[in-house]
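Take a look at the structure set out below.
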Amino acid sequence: MKALLMHRERDFQTMEALPWNEEALTQDLELGTLVKAMAGDDDFLAEVARRALLCGLRNDAETILYRQEILKDAQKNPEAVRELYRLTEEAIEGVKKHWWGLTSRYPSSLLYSALDLLEFHVEMLRKVRGLAERMGGRFESAGFTRLFAMLRDELGDEYLARVETHLEELKFRKGVLLSAELGKGNEGINYMLRRARGKRPNWIQRVLGKGPRSYTFSLAERDQTGGQILTDMRHEGISRVARALAESAGHVLNFFKMLRAELAFYVGCLNLEERLRAKGEPMCFPIPATAGEGRHRFRGLYDVCLSLHMKERVTGNEAEADGKRLVIVTGANQGGKSSFLRSIGQAQMMMQSGMFAGAERYEAGVCSGLITHYKREEDATMKSGKFDEEMARMSEIAGHIRPNAMVLLNESFAATNEREGSEIARQIVGALVEKGMRIFYVTHLYEFARGYFEGRRENTLFLRAERKADGTRTFRMLEGEPLETSYGVDLYRQIFEASEGARDGGTGVESVSTLADERREG
């Protein structure tokens, strides 16, 4: 039996290799916060959520839509999904009480441990089937309807009763009937377990009835050697059955493990939904498009991880970026540009994993991979400068990137001077766009941004962090041409205006303001 709740035709691979840049993605997009919200303190939920998010970048549009339908069912029936998940946990945890002989080299121990485990799992299968019968009619998605139909059809009362009959028979309460042949040196070979025919005679029949048609023998009470020989013969006879039974127990256990893993993703989604809904944050099911369509538009898009850290709702953004291979984001310091960039990456990962996204609307093409190149702190070992480190990471990216990947650049190449950084950015960004990448670039490199703006490239969109006349940041990204200043003076005023004004009689800020307006602020 297969759960098939994550893929239409195959199991969810819990040991699938993670993307080569999973550490950078986790750090730059703050995925730890997202995973924590999905899992709470449950390590298993956290691992499934992490893998579903990171490995979801390999999913196609069909898989995304398949999971979305299942998640919609889960949202309508959260109690049933959580109850089913709890039953799988109970089935797996219960193995600890029955595993004692499954690793034994003695067939008898292996047999009875497998019997014990299968009897326990038959009981759990009855509970799972009972839930399917009670709740199955409430589900509409292809994944859940197929799962519940399989549980009802393949785990009927007649089938489970037949399994229990076989298990009872394999306890060999009436002894073990074997056949064997004599080999070289009269050694027993070709042992075969046989099913006993008829009922065992009671004691009256044994006393008054005729003797058996076959020869029999009895062992003396103290014949330890003979007893060991009979035990060895018994082990030879039941070893194949014991292995087959242990294998069957393993198959049933694997079904519960896979069902638990696939349900864990949807339970994590429900947990996250509760957190965001409690804040009144919008959520939507993204519309995935094929990579070649060039579709990318959104409304009310926000940084989910930032929202999880704050009591207030987070400002959302909108843009129509269909057909745009490059989006250049400039504007005021602390205007929300980095948060906006994270929201893009988070929404893309959530969409491709089959989740909802933190937005009122999100439509995007499926990307072949997600790449982040964010500025890093200075190398504490002083083995290389910041610029060398930036270029080394970009070289590594070049070795892994594929067409139709999404690249998020945050203050890349700002560790050198304006002219050199702009030229390097122009060449690298130009090459990436030419190779079919989709790029979002937050930058203060004015020469680079201005050069692209004056070129009026049709495949480029320019966004700017909004700043009102009084310096207030709205944390909204609006279409607009790049400006030479990042309004670093606003930050200066916020921090130093009072102390500078008191010391310089009101002239200190003005002089710094003039200097700040005359040059670019980093």
Among the numbered conditions (1) modelled with pLDDT of 60 or more; (2) outside the structural domain of residue 336 (by TED's automatic domain parsing), tell me where residue 438 comes up short.
(2)
Selected residue (only one of 298, 265 is of a type in the set (Phe, Trp, Tyr), modelled with pLDDT of 95 or more and part of a helix (DSSP H, G or I))
265
Within the set of pairs 6 or more residues apart or between chains, which connect a residue that is not assigned by TED's automatic domain parsing to the domain that holds residue 273 and among the β-branched types (Val, Ile, Thr) inside the stretch 345-371 to a residue that is assigned to a helix (DSSP H, G or I) and crowded, with 23+ Cβ neighbours inside 10 Å with Cβ atoms less than 8 Å apart?
366/352
Here's a check for you: in the stretch 476-493, which residue that is modelled with pLDDT of 90 or more and surrounded by fewer than 21 Cβ atoms within 10 Å (Cβ to Cβ) is farthest from residue 423 (Cα to Cα)?
476
Among the residues of the stretch 453-471 satisfying the criterion of being assigned to a helix (DSSP H, G or I) and within 13 Å of residue 326 (Cβ to Cβ), which is farthest from the chain's Cα centre (by Cα)?
455
Taking the stretch 325-341 and keeping only residues that are more than 16 Å from residue 367 (Cβ to Cβ) and part of a helix (DSSP H, G or I), one is left with 337, 338, 339, 340
Counting residues that are among the aliphatic types (A, V, I, L, M) and more than 24 Å from residue 278 (Cβ to Cβ), which helices (runs of 4 or more DSSP H) fully inside the stretch 1-100 reach at least 3?
61-76, 78-93
Does residue 426 satisfy being out of contact with any helix residue (DSSP H, G or I) (no Cβ under 9 Å at 6 or more places or on another chain) and outside the structural domain of residue 28 (by TED's automatic domain parsing)?
no
Residue within the stretch 65-79 that is crowded, with 20+ Cβ neighbours inside 10 Å, in contact with a Gly (Cβ under 9 Å, 6 or more places away or on another chain) and small (Gly, Ala, Ser) present:
no
Matching entry among 332, 321 (being touching a His at 6+ places or on another chain (Cβ under 8 Å) and either more than 24 Å from residue 26 (Cα to Cα) or at pLDDT below 95 (or both)):
321
With respect to residue 347, is the statement that it is outside any helix (DSSP H, G or I), small (Gly, Ala, Ser), modelled with pLDDT of 95 or more and touching a strand residue (DSSP E or B) at 6+ places or on another chain (Cβ under 6 Å) true?
no
If I ask for residues that are modelled with pLDDT under 95 and touching a Lys or Arg at 6+ places or on another chain (Cβ under 6 Å), which ones from the stretch 404-432 would you list?
411, 415
Is there a residue being under 30 Å from residue 6 (Cα atoms), assigned by TED's automatic domain parsing to the domain that holds residue 469 and not acidic (Asp, Glu) anywhere in the stretch 376-396?
no
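The values are calculated or read from the model by the stated rules, or taken from the named source; none is laboratory data. It should be emphasised that the depicted structure is a prediction, and the values quoted were computed from it without experimental measurement. In this analysis, Cβ positions are derived from the backbone assuming ideal geometry, glycine residues included, and neighbour counts consider all displayed protein chains.
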